[in-house]
Amino acid sequence: MKILAIISGEYGVRHVDNLRANAPQGWSVESWKAPAAFPLIMDYPEEFLPPSFESCDLLLSFAENKAVAELIPEIVKMTGARGVVVAVDNEAWLPRGLGCQLIGWLARMNVPCATPRPLCSLTENDYKVTKRERETYESEVISEFAKYFGQPDIRISVDEATRTVSGAEVRRDAVCGCARQVAEKLIGLSVDEAEERAGLFHHHFPCLASMVKLNDYNHDTLMHESGHLLQENLAEQLKPFKQTKYIAPGTKSE
């Protein structure tokens with residue numbers, strides 16, 4: 001698979017570095033740094049693009065400026081991309097209305113587009129848009145990407161004698177590499193503490209998703225939602241090994 005990633009700062013650089021380090025054999029990942037500033041009205045998007053791009057199968061946008069959305073249809077034309085993923089780890093980078101417009105523009109070009117919010121909610125067939133809503137998509141190339149990068153899937157092994165985590169296999173990493181970092185730190189932890197500690201490890205990575213509270217996430221933040229997704233993946237696996245403690249009422253002292 002040939003991937004072109006649009007970046008504009010350190011957020012995108014981290015994602016590209018992780019993809020290059022851990023992508024399946026045969027994948028190639030190129031990047032293009034978008035301009036730092038745009039006019040309020042962009043009459044000719046092509047004026048902000050280089051003369052040409054290499055062809056690609058999948059276009060990823062890690063841009064931290066909503067104006068880049070207006071460039072994406074032109075980049076798709078220039079590269080022949082068959083699918084687009086736009087990371088929404090900050091509401092300001094792609095407001096929902098603009099995201100719907102972008103999906104519509106690309107649909108008229110017969111190019112599927114996923115706008116996961118947060119990025120690490122992407123699976124092989126859907127992604128989150130609010131706390132309780134997921135949007136489905138149909139795209140072979142996006143699904144292939146999401147087999148390896150998206151909503152974290154860590155498969156853990158437990159030593160039943162010691163009730164500690166003995167292994168952690170990353171089947172799907174977060175695009176930023178967070179799941180891989182967390183998995184390494186889980187080994188040796190008690191099953192009673194692994195879920196909570198995973199949330200701390202996630203924040204300490206650190207997660208670069210926004211800390212702005214959102215109404216459609218029950219006034220939670222995208223960074224916290226990202227951590228919840230990782231913890232939920234572990235919770236069901238740890239549940240059979242946890243010990244439930246009961247507190248018996250005591251007798252009244254003299």
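Place a +1 charge on the Cβ of each Lys and Arg in the stretch 153-241 and a -1 charge on the Cβ of each Asp and Glu, then give the dipole magnitude about the Cα centre in debye, rounded to the nearest 20.
200 debye
So for the chain, taking the charge dipole from beta-carbon charges (+1 Lys/Arg, -1 Asp/Glu), which of L208, F53, P152 sits furthest toward the positive end?
The one lying farthest along the dipole's positive direction is P152.
What distance in nm lies between label points placed 7 Å from Cα along the C-beta direction at Q25 and A161?
Placing both labels 7 Å beyond Cα along the Cβ direction yields 3.6 nm.
Could you list, bin by bin from short to long, the percent of Cα-Cα pairs of the chain in 5 Å steps?
Per 5 Å bin, starting at zero, the Cα-Cα P(r) for the chain comes out as 1, 6, 13, 16, 17, 14, 11, 7, 5, 3, 2, 1, 1, 1, 0, 0, 0, 0 percent.
Full extension from D17 to S190: what is 0.36 nm times the residue separation minus their Cα-Cα distance, to one decimal in nm?
Working: separation 173, 0.36 × 173 = 62.28 nm, distance 3.18 nm.
Length difference between fully extended and current span is 59.1 nm.
For an R0 of 35 angstrom, estimate the FRET efficiency from the Cβ-Cβ distance between W105 and K131 and round to the nearest 0.05.
About 0.85, to the nearest 0.05.
What distance in nm separates the two pseudo spin-label positions at E140 and M42, each 7 Å out from Cα along the beta-carbon direction?
A separation of 3.0 nm, rounded to one decimal place.
Consider just the alpha-carbon atoms of the stretch 60-201 and return their Rg together with their Dmax, both in angstrom.
Cα-based Rg and Dmax for the stretch 60-201 come out at 17.8, 58 Å.
How many percent of the alpha carbon pairs in the stretch 2-146 exceed a separation of 21 Å?
Cα-Cα pairs in the stretch 2-146 separated by more than 21 Å: 38 percent.
What whole number of Å gives the distance from the Cα centroid of the stretch 121-146 to the Cα centroid of the stretch 1-31?
Centre-to-centre (Cα) distance: 19 Å.
Could you work out the equivalent-ellipsoid semi-axes for the stretch 51-106, taking the square root of 5 times each eigenvalue of the Cα gyration tensor, largest first, in whole Å?
Equivalent-ellipsoid dimensions as semi-axes: 20, 11, 10 Å.
Every read-out reported here was derived from the displayed coordinates using simple, explicitly stated rules and does not represent laboratory data. Here the structure is a predicted model, which means the values were calculated and not measured. FYI the Cβ positions are ideal-geometry reconstructions off the backbone, even for glycines, and counts take in every protein chain you see.
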